[in-house]
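The structure appears right after this line, and notes come after that.
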Amino acid sequence: MARYTDSVCRLCRREGVKLYLKGERCYTDKCAFDRHGYAPGQHGQGRKRTSEYGLQLREKQKARRVYGVLEKQFHAYYEQAARQKGITGDRLLALLETRLDNVVYRLGFAASRPEARQLVKHGHFSVNGRRVDIPSYQLKVGETVSLREKSALSPKFKDLLEAAESKTVVAWLERDMIARTGRVARLPAREEIDVPVAEQLIIEYYSR
């Protein structure tokens, strides 16, 4: 499966906003975006006019990069959201938020979404007691994500769980640190999603 393998710091610089793709490093003075807050490349510091299409494209790319989704899959999410009742932009973000890798990140069981994706692929999590290693697995309301008992004994997860205890979990998820589980209590409302994207521009991009 195709995946991005270049420096993720370039993605933040290209979009002109922090996407927090490196977890805790993004909060330190080592963050490349803080040190070089302009687009990468030879002409990154040049002034450029942005068309309406360009603004829509950048918002779509930003959302894709935040959630680590390739174009074909992202377009499929848009089409699925467009078929559902309600505001298409809100439905699109809700679908992305309820991906298994994103829920693992939101529960604090990973420091970043890319790390959550890797941990899921390595089989460290179960859904309703069944091992799932597909990061894009779509969680439904009422489903429970649990860290596998063997994985919880590793030093890596001991550090992650210790750090998670001091973090507040989002309102649409329920977390049990003792059992090392999380449950999707309901779908997230738009105001509960802190991703810096203008979803209406994404809808306009695909509606051309």
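The values are calculated or read from the model by the stated rules, or taken from the named source; none is laboratory data. Computed from a predicted model, the values in this text were never measured in an experiment. Glycine also receives a Cβ, built like all others from the backbone with ideal geometry; neighbour counts cover every protein chain displayed.
Of the residues making up segment 140-162, those that are within 14 Å of A110 (Cα to Cα) and surrounded by 15 or more Cβ atoms within 10 Å (Cβ to Cβ) number 8.
Looking at A171, is it surrounded by 14 or more Cβ atoms within 10 Å (Cβ to Cβ) and either at pLDDT 95 or above or under 17 Å from the mean Cα position of the chain (by Cα) (or both)? Show your work before the answer.
Details: surrounded by 14 or more Cβ atoms within 10 Å (Cβ to Cβ): no; either at pLDDT 95 or above or under 17 Å from the mean Cα position of the chain (by Cα) (or both): yes.
Against the criterion (surrounded by 14 or more Cβ atoms within 10 Å (Cβ to Cβ) and either at pLDDT 95 or above or under 17 Å from the mean Cα position of the chain (by Cα) (or both)), A171 does not qualify.
Tallying residues that are within 9 Å of the chain's Cα centre (by Cα) and hydrophobic (A, V, I, L, M, F, W, C) within segment 92-106 yields 2.
In segment 194-208, the residue that is farthest from E52 (Cα to Cα) out of those that are of a type in the set (V, I, T) and crowded, with 17+ Cβ neighbours inside 10 Å is V197.
Summed over segment 109-128, the residues that are surrounded by fewer than 22 Cβ atoms within 10 Å (Cβ to Cβ), in a loop (DSSP other than H, G, I, E, B) and within 14 Å of the chain's Cα centre (by Cα) give a count of 2.
If you check R65 against the conditions, is it over 23 Å from R183 (Cβ atoms), within 11 Å of the chain's Cα centre (by Cα) and touching a residue at least 40 places away in the same chain (Cβ under 8 Å)? Answer is yes for this residue.
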